[in-house]
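*Asks:* Encoded as structure tokens, here's the structure I'll be asking about.
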Amino acid sequence: MLVILLLFPAGTTAETKKPVSSPPEDSFFNNIISNKIDRIYTSRQAVLVIGSGLSTVRVIIYTLERGPDGWRVVSGPIKGNIGWNGFAAPGMKREGDGKTPSGIYPLGTVFGYAPSMDTRMPYRQATKDDFWVDAPDSPYYNRWVTGNVGAASFEKMRSDNELYKYGIVVEYNTNPVIKGYGSAIFIHVWRGEGIPTAGCVAMAEEEVLKLIRWLDPEKKPAVIMGNKSELGRLR
């Protein structure tokens, strides 16, 4: 079984718990999610992606930030879509299953079609020579490759559509990479409300842009995602 780990420096002592200000619509947020956020010891920004059922495609997204007085909601609820088979149970994401991984993961490189972007995060331009390898037998599995891919299957990082015009890498199964456990998990532009992805999280273009401009690498942003029924069991 894949153990979901927080990819942040170990040995950090948790801060005294403080309530989340301006909670969303129900006690679930404070009782479950705020506890998870307090365990991301070094993060001061979080993107929360909540599903409502095992086969949900539509999700609700919040952005949160931690300050001197604890966590506060920055934006949300925001409409989003995930994989066509909903969320995978914690530790159960597999390549090609059409599911979005549940878990808590750092947010990494911002990417897009333009040479540069208004963001504080590391940025990489996606060209027609850039590919993300999703063939488990490749030595470059779950890696961004430029040039000759040398793999049986890969994701084009720039195509004729606008899905990857703006995107953020979710650091799922990247350190270490476990072959067959899923690849190419991003936050990116959606095709439209209610239209599923192959496993990524998708939002309207303007929402992705807002997120990209808000993220601050010094605050070690993370994403927390899963169904309500699973979020309480995430580690």
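*Asks:* Let's test the formula: R0 of 30 Å, r as the Cβ-Cβ distance of Arg94 and Glu218. What FRET efficiency results, to the nearest 0.05?
*Replies:* 0.30
*Asks:* Looking at the range 158-198, which trypsin sites (Lys or Arg not before Pro) are in a loop (DSSP not H, G, I, E or B) and have at most 16 other Cβ atoms within 10 Å?
*Replies:* Hits after loop and neighbour filter: Lys179, Arg191.
*Asks:* For the range 27-231, build the charge dipole from Cβ charges (+1 Lys, Arg; -1 Asp, Glu) around the Cα centre, then report which of Leu211, Val189, Tyr62 sits farthest towards its positive end.
*Replies:* So the residue furthest toward the plus end is Tyr62.
*Asks:* Would you work out the charge dipole size for the range 27-231 about its Cα centre, treating the Cβ of every Lys and Arg as +1 and the Cβ of every Asp and Glu as -1, and quote it to the nearest 20 debye?
*Replies:* Working: 24 positive and 21 negative charges, 70 e Å.
Dipole of the range 27-231, to the nearest 20 debye: 340 debye.
*Asks:* Hey, rough spin-label estimate for Tyr113 and Lys128, points 7 angstrom out along Cα→Cβ, what's it come to in nanometres?
*Replies:* For Tyr113 paired with Lys128, the spin-label model returns 1.2 nm.
*Asks:* Sticking with this one: Taking only C-alpha pairs under 8 Å that are 6+ residues apart, what is the relative contact order of the range 107-235 in percent?
*Replies:* Numbers: 228 pairs, mean separation 31.4, N = 129.
Relative contact order here is 24 percent.
Every number here is computed from the coordinates shown, using simple stated rules; none is lab data. Worth saying up front: this structure is predicted, and the values here are computed from it rather than measured. Backbone-built Cβ (ideal geometry, glycine too); neighbour counts: all protein chains shown.
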